[in-house]
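The values are calculated or read from the model by the stated rules, or taken from the named source; none is laboratory data. Fair warning: this is a prediction, and the values are worked out from it, not measured in the lab. Heads up, the Cβs are rebuilt from the backbone with ideal geometry, glycines too, and the neighbour counts pull from every protein chain shown. All accessible areas refer to the heavy atoms of the entire protein, side chains included, with ligands and DNA or RNA removed. Shrake-Rupley method; radii C 1.70, N 1.55, O 1.52, S 1.80 Å.
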Amino acid sequence: MSDAHQDSRWSIDEAELARLTKEARQFKGESLWSDAWRRLRRNRAAFLALLFLAAFGGVSLLAPFLPIPSPKAISLRDEPGTPEWLWSVPAAPTKAPDRGAATTRSTRNLWNDGWRHRSTVILAADDEGAAEKARARVEETSGRGAILETYPADEGDGLEVYASVPMLEGDAPEVDYRATDFGGTATCWDVSTAGADEPVGAVHSLRLQSADGTDFDAAQVSGWSVEARGRSVRLFLGRAEARPGLGDWVVAYRLAAELGSLPTAVLLDGTLLPGSAEVAWEGTPRGAQTVDAELLEGVEAMDLGRQVAASLAASPIEGVTYLETRHEDGYWEFKGLVGAMDRALRRARIATFGLWQTGNWMGTDGQGRDLLARIVWGSRTSIIVGIIASLCSLLIGVLYGAFSGYMGGRIDNLMMRIVDVLYSIPFIFVVIFLITVVNEYRTELEDQFGIDREKIFFLVIGAIYWLTMARVVRGQVLSLKNTEFIEAARVIGASTTRILLSHVVPNVLSIVIVYLTLTIPAVMLFEAFLSFLGLGIEPPKVSWGLLAVDGTQAINPIKIYWWLVVFPAGAMGSTLLALNILGDGLRDALDPKLRGKN
Amino acid sequence: MLRFLARRFLWFVITVSTVMTVSFFLMHSVKGGPFDGERKLDPVIEANIKARYHLDWPLWRQYLQYVGPFNLDDQRALAAFDEEGGFALWRSEGADGEPTRAFGGVLTGDFGPSFRYKDFTVNDILEESLPISALLGVLSMMFAIALGVSAGIASALRPGSGIDLTLRIAATGGIALPNFVIASFLVILLVFLIPLLPVAGWGTIQHMLLPGLCLGLVFAAYIARLTRTGMLETLSADYIRTAHAKGLAPRTVVMRHALKGGLLPVVSYLGPATAGILTGSLVIEKIFFIPGTGSHFINAATNRDYTLAMGVTILFTVLVYTLNTVVDMAYTLLDPRITLEDE
Amino acid sequence: MPILDVQNLRVRFETHHGVVRAVDGVSFSLEEGETLGLVGESGSGKSVTNLALMGLIPSPPGVVEADALRFEDRDLLALSDEELRGVRGNEISMIFQDPMTSLNPLLTVGRQLTEVLEVHERLSRREARKRAAAGLADVGIPEPERRLDQYPHELSGGMRQRVMIAMGLLCRPKILLADEPTTALDVTIQAQILELMQKLQREYGTAIILVTHDLGVVAGMSDRVNVMYAGRLAETAGAVELFDDPRHPYTRGLLGSVPRLSGDTDADLDSIKGSPPDLADLPAGCAFRPRCSFETERCAAEPPPLFDLGGGRSSACLERDALGQPEGGAR
């Protein structure tokens, strides 16, 4: 209260003010939200649906923590495995697979699908005693418990020892490419060769110099390979002499236009690199282009295998020789926040469950992947797609609808007409068309903007499902705009922002929430639909649509793999059902006409 | 009525031309074009192909050619002198001496050549596949209406009974489950467990029943729900009491007085349902290997057969729009309180 | 012999919240050509009584019982569904409160009128149409032929109620149950409709049971009046006697709460205190007790029976004699 207002009407003493405020608070009664919550809780079906969704969503989001098999590791099986009983322990192979021409170390390793996501250190040992010592050394080096499998060696009378530990990030021999001070240009073109009709690609006159003018010595290079994604090219140059801790070089450059074919010959500073095809350079070059290139040097991480080897080199165990380390990656690595969360969850899983994991409670699919894990991970994908795409549609719809409703008049009329027009288009066809067109650009989008297919997917779905939201929000805003309490706020001089934030938004919010809960199942269905048609999430990732594809393929006259149909359908159906029920319940709970009633 | 139709037609033109223009320019903005394959083509062949599909023309001209109605292939298409030196409109021959049509493009119902099926036009493919899809669609719509309406009425006549509860649970399940899941279950049930129907293929009536049923079930569920609510609302109306008070038989009351009002929501749902059935047919045709328009569309989309994909998109836009208009008109026939001029 | 004889009619609804006795032991009779007024607040059971007579109480949850429900020489409760349908709309017909919602908006007026004749008199469409047009003309609707092809929403409120009445009288019924026929209408239209009903009653000799809460309507129309309260008859009397000398405190209250133009406009209306009782949870004894200013201890014992006061009058009040001489009323 300022001094200017010493009018008697405005002078209320503190106690009086406090009393009035308190009274006003009590008078306000139940808020919209607590009333809605109370009514939602009374609606038994909706409340159960909410609990179910919370549980199911929680389980799916915590997927890396759960002691379930890997959803992507395949095993060599010729048909889907039947579901196992809950209490049956996944059997570790009691004997090495039959020896024969097809059996190699890696197939033997694949054969064992007892558990996944592990690093296996393979050593040669003279006898069981040495093997135990080797296991102790692996455990000591990795700091994790190890499981030992021994098989008679292929040759001689020693043993092959497989010591497996749960895989953590850093176990795999990753190579980190660091910039060097070498750089230069690469000239590329397509050349016609004498022998063949087809022109072949070639990297002609690749020149690399360090900043001080020293030429890169081509003699250090033992071999090369090339990888091109769209216009960006990575040329791998192998080192002639392996040096510990250092990997290959990479020459990275970006072409102005794609070459017709990958280079089959590379000239480095005038020297034809080993492994290059014989190219008659005198042909007519086509599409010659000179681009900047940059030389990177690979630095290999001190992975688990190296650590064990180093430890054995430092203090050898008698009769134990390090052979190699294999890794079975069981998860998809996500970037950013999700990736960090996943890693934390995986550490928690290893701390809690160690190497224990469930059997194939729901059986496996045709490639030996665990169905339970695939359902959990697929639901995770579908739920994430559902939520993010719905939020996209929410954003577009609310902005569009609110703007249209707020402007009113001719603009509103026009904007709603556009919505009407969009409504009458069979959207699925346009969307499929759009997705295929966008697919043509996917490598570029991914390289230049970091937009991967999933993100495009979110945007595209969001771009369809905003129509209803826009209509609803616009209607609500339009009716709110002329209500008395908004007028009142305007009269006392509240700013537009304030009116929007404290009056319009809360009133629109309830209806937005209802439509959001009803949009999510629709979006999830749509995702499943597109993935089913092969236009959405792509294998090896998994989502409901892809599970359904597996399901339909599992139906054949000879044998019905019922679990491939029943379990995914159950998960999908119950989630969508629960979302629908919850949406209806929320609509009832937030319906102002039913406020305060039961 | 006429004013309504005129306005509808105006919006129809706007809608279709939007779809057509946007998809055309999207398609032609794709770098490389549809013939950039794995194999590098000989430049001469490539140029020939491009010329055949007019890809060497400037974009605006390609668009005009696509839309029509004039065939830009022929410079003298509008008017020409025939062999006897007489002046003739709309008759001529192309640059290579072959007779060409003076008219072409979407406006004359010609969607152009398919980019993938070398010797077929989009029209050929549609002619072949559309009857199949139409049959499937009509069949599933019949299933949807028959099952949905009867289930809805059965529910509404005895609300709260066991029948009502069962049907409502079934309807909720039908709405929640995607049609490919329902299809899987039905195939297991009706083909393998109780071998009534053949698995896949196309030709006989038995082959059509299962896909039609699978496609229709989801909509049957929606229709059952709508019918139930509509009938319950109507049955509790005052005029139903009046009808009973007149001494009409309960059957007459339901059939003559309740059904019409109770089914109004269903009628207005038929428009969206048609669009939904078109969408669903993509999946069902894939599952049952039916050579319908939906299968062709998916193939076209994944094989970069853009003219075919565009043709299907435009055709279905027209179809959905027309059906929506028809449904709106049917609605006014059923409910005298609504007039078309109200729009 | 009365055309309709109702003895101890009871209607109850078995709901989740308990049994609601909407009508609890109502007896009355109706003579040929007579107009019986049925008056009471909403929820007093007047409409339910009418519906019960027509056999239109939905069951479940409704249960209808009576010692006798005689229409001429037939027992309405013993009739089969089909026989009952033959009576409904034919010999006993009914018109409802709101002509807007009581006519089917999706069918033409003509169709709704002719179907009555098709069912009961087995007329062909053409004959039925002719009769329907005549019926519309009878109720004073101009251009009846054209109206037959119109839909209810194209007619005005008064016109619609005329259609309802025409529909009710098409088969020349012996009894017309009129459930608040004028409540939804403007006052001027009300008068026209009531006049019309009286005229037609004279012409056809139809007996009318007129349900209303409007005492003015009752006074103008009825020969006798039944006052209902909480599903029971409170008082029965000839219209004139009832208005002159009410013998039930509830009737007194009703009459007192009608505003009058004549007299002291500053005087407060003598409204009945409290609110209508919850039928699922009636007080012990007389249901009107909590709102009654004549209440004594005797009233709480049991619901008072209907006492015959002679001269065709009866009252269900233990203190009926104390009401003999009016005191302090608004009159």
Worksheet, complete the sentence: Checked B:V106, B:V122, B:V149, B:V138 against criteria (at pLDDT 75 or above, more than 30 Å from B:W60 (Cα to Cα) and open to solvent by less than 30 Å² (accessible area, probe 1.4 Å)); the one match is B:V149
Worksheet item: Among the residues of the stretch B:308-315, is any open to solvent by 20 Å² or more (accessible area, probe 1.4 Å), closer than 21 Å to B:M141 by Cα and free of Cβ contacts under 8 Å to residues at least 12 places away in the same chain?
Response: no
Discussion item. Can you confirm whether A:L399 is assigned to a helix (DSSP H, G or I), touching a residue at least 40 places away in the same chain (Cβ under 8 Å) and either more than 14 Å from chain B (Cβ to nearest Cβ) or within 20 Å of A:F529 (Cβ to Cβ) (or both)?
Written reply: no
Item to complete: Identify the residue in the stretch A:164-220 that is closer than 30 Å to A:G354 by Cα and open to solvent by 30 Å² or more (accessible area, probe 1.4 Å) and, among all such residues, is modelled with the highest pLDDT.
Response: A:D176
Worksheet item: When C:V217 is evaluated against the numbered criteria (1) more than 21 Å from B:A243 (Cα to Cα); (2) outside any helix (DSSP H, G or I), which criterion, by number, is the only one it fails?
Response: (2)
Practice prompt. Within the stretch A:117-163, track down each residue that is out of contact with any strand residue (DSSP E or B) (no Cβ under 6 Å at 6 or more places or on another chain) and open to solvent by less than 10 Å² (accessible area, probe 1.4 Å).
Written response: none
Item to complete: Taking B:T279 as the residue in question, decide whether it is within 10 Å of the chain's Cα centre (by Cα) and more than 7 Å from every other protein chain (Cβ to nearest Cβ).
Response: no
Discussion item. Just checking: which of the helices (runs of 4 or more DSSP H) contained wholly in the stretch A:443-556 hold 1 or more residues that are within 14 Å of chain B (Cβ to nearest Cβ)?
Written reply: A:453-464, A:466-481, A:505-532, A:544-553
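Quick grid of which residues meet (1) in a helix (DSSP H, G or I); (2) closer than 30 Å to C:K199 by Cα; (3) modelled with pLDDT under 75:
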residue	(1), (2), (3)
C:N226	no, yes, no
C:E235	no, yes, no
C:R247	no, no, no
C:L261	no, yes, yes
C:L279	no, no, yes
C:L309	no, no, no
C:A322	yes, no, yes
Worksheet item: What is the number of the single condition among (1) charged (D, E, K, R); (2) farther than 30 Å from A:T483 by Cα; (3) open to solvent by 40 Å² or more (accessible area, probe 1.4 Å) that A:R374 does not meet?
Response: (3)
Worksheet item: Failed condition for B:L213, given (1) crowded, with 22+ Cβ neighbours inside 10 Å; (2) under 22 Å from A:F529 (Cα atoms), with all others met?
Response: (1)
Discussion item. Testing A:E324 on (1) closer than 16 Å to A:D171 by Cα; (2) modelled with pLDDT of 85 or more; (3) open to solvent by 50 Å² or more (accessible area, probe 1.4 Å), one condition comes back false. Which one is that?
Written reply: (2)
Response to the item:
When B:L334 is run through (1) over 17 Å from the mean Cα position of the chain (by Cα); (2) at the interface with another protein chain (Cβ under 9 Å from one of its Cβ atoms); (3) at pLDDT 85 or above, the failure sits at (3)
Discussion item. Out of everything in the stretch A:315-360 that is part of a strand (DSSP E or B) and in contact with a Pro (Cβ under 9 Å, 6 or more places away or on another chain), what residue ends up being nearest to A:R380 (Cα to Cα)?
Written reply: A:H327
Response to the item:
Residues of the stretch C:159-183 being within 11 Å of chain B (Cβ to nearest Cβ), part of a helix (DSSP H, G or I) and under 22 Å from C:L4 (Cα atoms), in sequence order, are C:M167, C:G168
Worksheet item: Residues of the stretch C:44-75 being surrounded by fewer than 22 Cβ atoms within 10 Å (Cβ to Cβ), over 19 Å from B:S236 (Cα atoms), out of contact with any Lys or Arg (no Cβ under 7 Å at 6 or more places or on another chain) and touching a residue at least 12 places away in the same chain (Cβ under 8 Å), which ones?
Response: C:V64, C:D67, C:A68, C:R70, C:F71, C:E72, C:R74
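Conditions (1) within 14 Å of chain B (Cβ to nearest Cβ); (2) over 20 Å from C:L200 (Cα atoms); (3) of a type in the set (S, T, Y); (4) touching a Lys or Arg at 6+ places or on another chain (Cβ under 9 Å), marked per residue:
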site	(1), (2), (3), (4)
C:R88	yes, no, no, yes
C:R131	no, no, no, no
C:A134	no, no, no, no
C:V139	no, no, no, yes
Response to the item:
Of the candidates A:V430, A:V437, the one satisfying the condition of being open to solvent by 30 Å² or more (accessible area, probe 1.4 Å), closer than 30 Å to A:R231 by Cα, under 34 Å from the mean Cα position of the chain (by Cα) and of a type in the set (A, V, I, L, M) is A:V430
Practice prompt. Please tell me if A:G585 is within 14 Å of chain B (Cβ to nearest Cβ) and touching a Gly at 6+ places or on another chain (Cβ under 7 Å).
Written response: no
Practice prompt. Identify all residues within the stretch C:141-158 that are surrounded by fewer than 17 Cβ atoms within 10 Å (Cβ to Cβ), part of a loop (DSSP other than H, G, I, E, B) and touching a residue at least 24 places away in the same chain (Cβ under 8 Å); write none if there are none.
Written response: C:D149, C:Q150
Worksheet item: Looking at A:M415, A:M362, which one is farther than 30 Å from A:F334 by Cβ and more than 14 Å from chain B (Cβ to nearest Cβ)?
Response: A:M415
Discussion item. Within the stretch B:233-242, take every residue that is more than 7 Å from chain C (Cβ to nearest Cβ) and in a helix (DSSP H, G or I) and give me the one that is farthest from the chain's Cα centre (by Cα).
Written reply: B:I240
Practice prompt. List every residue pair whose Cβ atoms sit under 8 Å apart, with the two residues 6 or more apart in sequence or on different chains, where the first one lies in the stretch A:559-588 and is within 23 Å of B:L189 (Cβ to Cβ) and open to solvent by 20 Å² or more (accessible area, probe 1.4 Å) and the second, anywhere, is of a type in the set (S, T, Y) and assigned to a helix (DSSP H, G or I).
Written response: A:L577/B:T172
Worksheet item: Being open to solvent by 50 Å² or more (accessible area, probe 1.4 Å) and more than 14 Å from chain C (Cβ to nearest Cβ), is that true of even one residue in the stretch B:247-263?
Response: no
Item to complete: Mind telling me which of the residues A:I350, A:I384 ends up being surrounded by 15 or more Cβ atoms within 10 Å (Cβ to Cβ) and without any contact (Cβ under 8 Å) to a residue 24 or more places away in the chain?
Response: A:I384
Practice prompt. Test C:M164 against the stated conditions and say whether it is more than 25 Å from C:L306 (Cα to Cα), buried (at least 19 other Cβ atoms within 10 Å of the Cβ) and either at pLDDT 85 or above or within 15 Å of the chain's Cα centre (by Cα) (or both).
Written response: yes
Fill in: Enumerated helices (runs of 4 or more DSSP H) restricted to the stretch C:98-140, each holding at least 2 residues that are surrounded by fewer than 19 Cβ atoms within 10 Å (Cβ to Cβ)
C:99-102, C:125-138
